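Some notes on the structure that comes next.
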There are 2 protein chains.
Amino acid sequence: MFEEKETEKIRKLATLIRYYILTMSTEAGSGHPSSSLSATELMACLLFGGIFRFDLDRPRSPNNDRLIFSKGHASPLFYALWGAAGKVSESELLTFRKFGSPLEGHPTVIFPYTEAATGSLGQGLSIGLGMALNAKYLDNLPYRTYVLLGDSEMAEGSQWETMQLAAHYKLNNLIGVLDVNRLGQRGETMYGWDLDAYQRMISSFGWKTVVLDGHSIPEVLSAYEEAIKSDDRPAMVIAKTIKGKGVSFIEDKNGWHGKALSREECDRALKELGEVDKSVRGDIASPDDLRPKKQPPKSAAAMDYPKDKPVATRRAYGNALARIYPEFPNVVGLDGEVSNSTYAVIFKEAYPDRFFEMYIAEQNMVGAALGLARRGKIPFVSTFAAFFARAFDQIRMARYSDANIKFVGSHAGVSIGEDGPSQMGLEDLAMFRTILNSVVFYPSDAISAEKLVEEAAGRDGIVYIRTTRKETPIIYSPADEFPIGGNKVIRRSDRDAVSVIGAGITLHEALAAHEALRKENVSIRVIDLYCLKPIDERALRRAVDGTEAIITVEDHYREGGLGEAVRSVLAPWPGQIYSLAVTKKPKSGEPQELLDYEEISRKSIINKVMELISSSEAAGSKRVAR
Amino acid sequence: MFEEKETEKIRKLATLIRYYILTMSTEAGSGHPSSSLSATELMACLLFGGIFRFDLDRPRSPNNDRLIFSKGHASPLFYALWGAAGKVSESELLTFRKFGSPLEGHPTVIFPYTEAATGSLGQGLSIGLGMALNAKYLDNLPYRTYVLLGDSEMAEGSQWETMQLAAHYKLNNLIGVLDVNRLGQRGETMYGWDLDAYQRMISSFGWKTVVLDGHSIPEVLSAYEEAIKSDDRPAMVIAKTIKGKGVSFIEDKNGWHGKALSREECDRALKELGEVDKSVRGDIASPDDLRPKKQPPKSAAAMDYPKDKPVATRRAYGNALARIYPEFPNVVGLDGEVSNSTYAVIFKEAYPDRFFEMYIAEQNMVGAALGLARRGKIPFVSTFAAFFARAFDQIRMARYSDANIKFVGSHAGVSIGEDGPSQMGLEDLAMFRTILNSVVFYPSDAISAEKLVEEAAGRDGIVYIRTTRKETPIIYSPADEFPIGGNKVIRRSDRDAVSVIGAGITLHEALAAHEALRKENVSIRVIDLYCLKPIDERALRRAVDGTEAIITVEDHYREGGLGEAVRSVLAPWPGQIYSLAVTKKPKSGEPQELLDYEEISRKSIINKVMELISSSEAAGSKRVAR
């Protein structure tokens, strides 16, 4: 079926690749050669057997097939492939895992052929799903997405989320390559070499499956031909392989997972490889030069919120996304089966072709968003704030792919009311703040929400927007600006006793406290900290200037939220800082009851202000006084 | 097959349960009646058809069968069941979702019949797996665990993690009840009423399956009899049901997910129900009175660390767990396929019967830990610190079950070196700190690590212990005590210029900086903040007393970590606080190179101290001076 010449050349390339794998990991003194050796034929046949289409000089070309190493620890194989393709020299390969080398321990996007950073297992297939969705439904391009998977990582639930969605969306352009080498890090996997078990499970999810010997070049080539044959199903190539294949003394042996060979062992191994033809270079087929389907940008429409009608910021999110889409035609909406609550449904109804229902599978949703982002889209991903916790590992990893993703979490805080703690986002600010260089927005009214959605769309990187379930009054006008890092002083006078810093629902509690205190002839400053990260320190110091004490108030747990953000930025600060935050186990109840119970409502603000004034008066201070 | 009398009584009970569901949700003005009505026969038959064995007066009895509502939004059904069993009065049911009622929007453990708080979907089956593991392998008791599942939540990957593990551990005492009512929150599920699809997928994972009409009482009773028949497989009862069943105008209609009927609609619905016999009470079969297998506690062995031999704190964790087990015979070890890296393997080898390999499936691992904890065990759960992010939602939810779980995260920070950012825990402190009332430990040497493991075992609640990959010198003696909230001043003199607060790897950088600065005649205070949460404010102020500036240094991102914890506790603090933390995208390299690159090594500490001294000398201050 295949020409002897072709298989012979791949065999030579496989030997060269094994040589690279062994020498680079031994030189590094660490890494995962055994997991690389098991997939060598699988990858050599894919890239150099005429299946894979890729323009080596334009790794970001929209027409390239995509290759994702979900088993990112097989990075020696990944780099060796591009070595065998002539794009990485042997001396460059020997910088593997060294400080400053683009060849990091697990692939990152510093290396130009990496589609997305991997290394946390069970994420590559979802990233591939995003790229496949992009090809089939957005760019309308024929490229295929291949994902190399380890057998150990099939224990991760995220895989089966993707498995369901890929079949649901009939992604016949998504091909998984499952390297069943039987051994995980510390021992055998649950299924060992029971390839039937994998085939049974995977095909039951609606995938085409091909089972084969992963070291037989003709079998591997046939398997790919079968996998990409026209059909409306995604395909999984399930290969029986041997961990450490080609090096007899580590083959199929436990204890050789994340371990390089010593120099002596490496020499022995290289002898077993036999002659290495360093001149052989793998040819990769070229893709057609097609243009992705695109819309030119147009200006966004204007907003329209009557001053006297409260609107939930979550609804403003949906409005905003639909409104700004003409200006940002790369925007794509994803939602985790709650679009009627997050109001992503408004965008979906306006632009159904730009929206993907991702069902209740947050890990896959975020992985897919990363895949879309890496293909130039601007995904807006929405669910309840609480449920982003489900995808924290994917969010963390997306950062290492320099991802341009916008996360929108609704139903923040105890103010959601009766549904109780399981549905309350109370850790989301801590989670998104700790992502390196992230931006965290928390709008308080519909106008600022819309403005911040627009700001997010225009900024490259990870942005989180926290929205509120309850309607809140309009406090801004469309002419107001909300730059990243800033804040808004909403109430200010020369005799402000205390600064109260809130955002979202608590800003309105602070405004109510202001109103009540004014009647007692006490004035407080009210500051809307709509951007929790970054915080412009000078702008914040300017905002609180002239007040002697600060009260922060937030519908979030104390750690990692608004209060800590303020304390952290203002250290040192000579005055007192009091932080009102959620500190009791929340329960069901009416929103206002719960705000009172957690002592983050107007009542607690008023009490704290009056307490400060009494103690200040007792101490004879002028500043914190009515 | 079943007596007419028996089915007739269950029918009456089902009508009473529907009456409760409708009236309690209408009274609350919110809730999920339609999702409750679809599973009414499924649950009425389980509890009152002689299948379920439960001592109503002793809900915590170890012999009770367990019932978990993974679809926690069906809480009206859940509460109505115990109403029909005579344990909750009609007037109590009418407090549903009201502030202070134990009948919260989604079940929480305030209600005595709740096994674990649910409401975030896709978690109940893993909790059930933990309870089933406990019955089969630890307590050796014949109780069974039943989990009611929604069809929408089958999209969650966590389900399929549990599915694999439950088959692997041959948990024939775990029975899932899948309520296929076709409709999710915003529309149809991926599979609708394709029950074959569910059967195909679930049976391919090694489960016994029974497909049936979920509203036919005889079919449901037969299905349970079939499901619990001796076999070595877990079983799934897959039931075709109708959302809103029994109320014609909401039956199988979209738009009725989280929505109560109005009073008028409720009246109409009650008319459709027909006669309600409020006197009927369901009988539940009694379990045998057996004793769980138990070991009496004995004292723990002594530790033994030579003063001059560095030991990694991760290894000390394994040593400690094996050492203290006799004192804490409820301890169970769980690990996510990295026990040779976390050193949970030491415990596994010492007590193989008390250890469960959970493979690479962190969500299920944490869910199972919760199930074990709720059955009185003390699970110690380990994986790389980074990978706990995978289970953040489960960790968050475990808190609402008042769970007693210990999390141990290894491979913290950039100091792991060559493996690169995917494997580096850099957000874990932020994640665990934001869990309400959690305790966060970060030991710096083997002795404190052992002591803190012991402290964790003895404390009820969620405790996180962060361990380090690299060996670190022994700095303490076995007589030292490490109380929760405390810190240790390791270097102190009367002329300390600056306090440096570190923990884990950075404490040793601070000690090295101390040594180098001493030669320059500069003394610094060095403080080991081994407990990041809670922090005893007075103890910390005492520790830094007499120094004018503080430098915090941590191998973690800035937000939510050690620096913010210190700044937050010490606000207000008159002196300067500088925080050294990871602020650049990490990469591969040698540990020391990476600590230098991120400016959290001895070099950066020394530079910052010298900079402080120069500016202080320039300003003529006495305090920050050599």
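The values are calculated or read from the model by the stated rules, or taken from the named source; none is laboratory data. Model, not experiment: these values are computed from the prediction. Positions of Cβ are backbone-derived with ideal geometry, glycine not excepted, and every protein chain shown enters the neighbour counts. Protein only, heavy atoms only, side chains kept; ligands, DNA and RNA dropped before computing areas. Shrake-Rupley method; radii C 1.70, N 1.55, O 1.52, S 1.80 Å.
Taking a ≥ b ≥ c as the square roots of the eigenvalues of the Cα gyration tensor, region B:422-524 is classed as prolate, since a/c reaches at least 1.5 and a/b is larger than b/c. Normalised per residue, the accessible area of chain A is 31 Å², obtained with a 1.4 Å probe and no contribution from ligands, DNA or RNA.
Here the extension length gained between B:D232 and B:M610 equals 129.3 nm, from 0.36 nm per residue of separation less the Cα-Cα distance. Most simply put, the protein assembly as shown has about 10% antiparallel DSSP beta bridges, counting only bridges with both residues inside it. Between copies, the label points at B:G187 (set 7 angstrom from Cα along Cα-to-Cβ) are spaced 4.6 nm, reported in nanometres from shortest to longest. Working from label points 7 Å from Cα in the Cα-to-Cβ sense, the B:R492 to B:D194 distance is 6.9 nm.
Give the residues of region A:286-309 whose amide nitrogen is closer than 19 Å to a point set 7 Å from the Cα of A:N140 in the direction of its Cβ. Within reach of a label on A:N140: A:288-298. With Cα atoms defining each centre, region B:535-610 and region A:410-467 are spaced 28 Å apart in the structure. So who's got an amide H within less than 5 Å of the one on B:L580, skipping anything under 5 residues away but keeping other chains? H placed 1.01 Å off N, in plane. Counting only residues 5 or more places away or on other chains, the set is B:T552, B:V553, B:E554.
How much net charge surrounds A:A312 when only the other residues with a Cβ under 13 Å from the Cβ of A:A312 are counted, with Lys and Arg +1 and Asp and Glu -1? Net charge in that neighbourhood comes out at +3. A 28 angstrom limit on the alpha carbon distance is what I want to check against. Which of A:K348/B:K208; A:K451/B:K533; A:K584/A:K608; A:K298/A:K348; A:K488/A:K603; A:K307/A:K488 exceed it? Long pairs (Cα-Cα over 28 Å): A:K348/B:K208; A:K451/B:K533.
Chain B residue nearest by beta-carbon to the axis mapping B to A, with distance in Å: B:G157, 1.
With θ taken as phi - 60° and the Karplus curve 6.51 cos²θ - 1.76 cosθ + 1.60 applied, the whole-hertz 3J(HN,Hα) list for region A:563-575 is x, 5, 4, 5, 4, 5, 6, 8, 7, x, 9, x, x Hz, x standing for glycine and proline. Distances between placed amide hydrogens fall under 5 Å for A:D335 paired with A:F356, A:M358, A:S382, all partners being 5 or more residues away or on another chain. Each residue of region B:249-261 was assigned a 3J(HN,Hα) from its phi angle through the Karplus curve 6.51 cos²θ - 1.76 cosθ + 1.60 (θ = phi - 60°); the sequence is 7, 10, 4, 6, 9, 5, x, 10, 6, x, 8, 8, 6 Hz, with glycine and proline shown as x.
DSSP assigns beta bridges within region B:491-626; of those with both partners inside it, close to 5 percent run antiparallel. Among the DSSP beta bridges whose two residues both lie in chain B, what percent are antiparallel, rounded to the nearest 5? Roughly 10 percent of the DSSP beta bridges within chain B come out antiparallel. Distances between copies of B:P297, taken at a point 7 Å out from Cα along the Cα→Cβ vector and listed shortest first: 6.4 nm. Around the amide H of A:I378, modelled in the peptide plane, lie the amide H atoms of A:V331, A:V332, all under 5 Å away and 5 or more residues distant in sequence or on another chain. Can you bin region B:314-424 into rounded, prolate or oblate? Criterion: square roots of the alpha carbon gyration tensor eigenvalues sorted a ≥ b ≥ c, rounded for a/c under 1.5, prolate for a/b above b/c, oblate for the rest. In terms of gyration-tensor shape, oblate.
Relative to one another, the C-alpha centroids of region B:1-65 and region B:294-322 are positioned 49 Å apart. Set the Förster radius R0 to 56 Å, insert the Cβ-Cβ distance between B:E225 and A:E590 as r into 1/(1 + (r/R0)^6), and round the FRET efficiency to 0.05. That gives a FRET efficiency of 0.80.
According to the square roots a ≥ b ≥ c of the eigenvalues of the Cα gyration tensor, what is the shape class of chain B, taking rounded for a/c under 1.5, prolate for a/b larger than b/c otherwise, and oblate for the remainder? Because a/c hits 1.5 or more and a/b exceeds b/c, chain B counts as prolate.
The gain in end-to-end length when the B:S477 to B:E8 segment is fully stretched comes to 161.7 nm, 0.36 nm per residue minus the alpha carbon separation.
Taking both sides together, the accessible area buried where A meets B is about 8600 Å² for a 1.4 Å probe. Distance from the C-alpha centroid of region B:348-364 to that of region B:95-120: 31 Å, rounded to the whole angstrom.
Pop out the carbon and sulfur fraction of the accessible area of the protein assembly as shown as a percent, whole number, probe 1.4 Å. Summing carbon and sulfur atoms, their accessible area is 47 percent of the total for the protein assembly as shown.
Projecting 7 Å from Cα along the Cα-to-Cβ direction, the label point of B:R518 sits 6.2 nm from its equivalents in the other copies, listed shortest first.
On the principal axes of its alpha carbon atoms, region B:324-386 extends 29, 25, 18 Å, with the longest extent given first. Phi angles of region B:269-284 translate, via the Karplus equation with coefficients 6.51, -1.76, 1.60 and θ = phi - 60°, into HN-Hα couplings of 5, 5, 4, 5, 5, x, 5, 10, 8, 6, 8, 5, 10, x, 9, 10 Hz per residue; Gly and Pro are given as x.
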